[in-house]
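The values are calculated or read from the model by the stated rules, or taken from the named source; none is laboratory data. Nothing here was measured: the structure is a model prediction, and the numbers come from that model. Every residue, glycine among them, receives a Cβ derived from its backbone with ideal geometry; neighbour counts consider all protein chains shown.
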Amino acid sequence: MPKPELLVAFPTPAESPFVVEHVADEFTSVCPVTGQPDFGAVTVRFEPRPAKAGGLCVELKSLKTYLQSFRNEGIYYESVTNRIRDDLARLMDPTWMLVKTDWKVRGGIRSVVRASHGVVPGMWAT
């Protein structure tokens, strides 16, 4: 199972708004139907709450280790995306967040899944 307990946060370093984008280009999980590996990229984009409001950011090594915990997990694309969103939202409670998974072609079909938390501004919604 994916391990949200691996995620670590640190205090937001600013009072004024800013956007963070983390991209993991080598994400791997397993198709729950065929047992074959699925490969894709995960993009996490969020606006942390201000420091005075107790804002948090995710620490990168912990994010990498957490994403690697999906490696042997039989899980659908949609579930991966929503699980990452839920675990990171629980950890950081950002003003808003968008998690996008972009999967490699399999069977002639390429899939992109997006899951949001809060109201994602239009300029960041893709």
_So Q36 ticks every box in (1) farther than 21 Å from I109 by Cα; (2) loosely packed, with under 14 Cβ neighbours inside 10 Å but one. Which box is left unticked?_
(1)
*State which residue is surrounded by the most Cβ atoms within 10 Å (Cβ to Cβ) when the search covers only region 41-57 and only residues that are of a type outside the set (K, R) and under 13 Å from V99 (Cα atoms).*
F46
*Is it true that some residue in region 76-85 is surrounded by fewer than 18 Cβ atoms within 10 Å (Cβ to Cβ), among the polar types (S, T, N, Q) and farther than 23 Å from C31 by Cα?*
no
*Taking the condition part of a strand (DSSP E or B), over 15 Å from the mean Cα position of the chain (by Cα) and modelled with pLDDT of 95 or more, does F10 pass?*
yes
*Hey, any hits in region 98-106 for a residue that's out of contact with any Pro (no Cβ under 9 Å at 6 or more places or on another chain) and farther than 20 Å from C31 by Cβ?*
yes
*Being farther than 19 Å from K3 by Cα and in contact with a strand residue (DSSP E or B) (Cβ under 7 Å, 6 or more places away or on another chain), is that true of even one residue in region 60-71?*
no
_Any chance T95 is touching a helix residue (DSSP H, G or I) at 6+ places or on another chain (Cβ under 6 Å) and in contact (Cβ under 8 Å) with a residue 60 or more places away in the chain_ = no
*In the set A89, A51, which member is among the aliphatic types (A, V, I, L, M) and either more than 15 Å from P4 (Cβ to Cβ) or modelled with pLDDT under 95 (or both)?*
A51
*Filter region 96-111 down to residues that are closer than 14 Å to Y76 by Cβ and at pLDDT 95 or above and give me whichever is surrounded by the fewest Cβ atoms within 10 Å (Cβ to Cβ).*
S111
*Among residues belonging to region 16-33 that are within 25 Å of P121 (Cβ to Cβ) and among the aliphatic types (A, V, I, L, M), point out the one that is surrounded by the fewest Cβ atoms within 10 Å (Cβ to Cβ).*
V23
*For region 83-126, name all the residues that are part of a helix (DSSP H, G or I) and of a type in the set (F, W, Y).*
W124
*Do we find a residue being at pLDDT 95 or above, surrounded by fewer than 18 Cβ atoms within 10 Å (Cβ to Cβ) and among the basic types (K, R) anywhere in region 58-65?*
yes
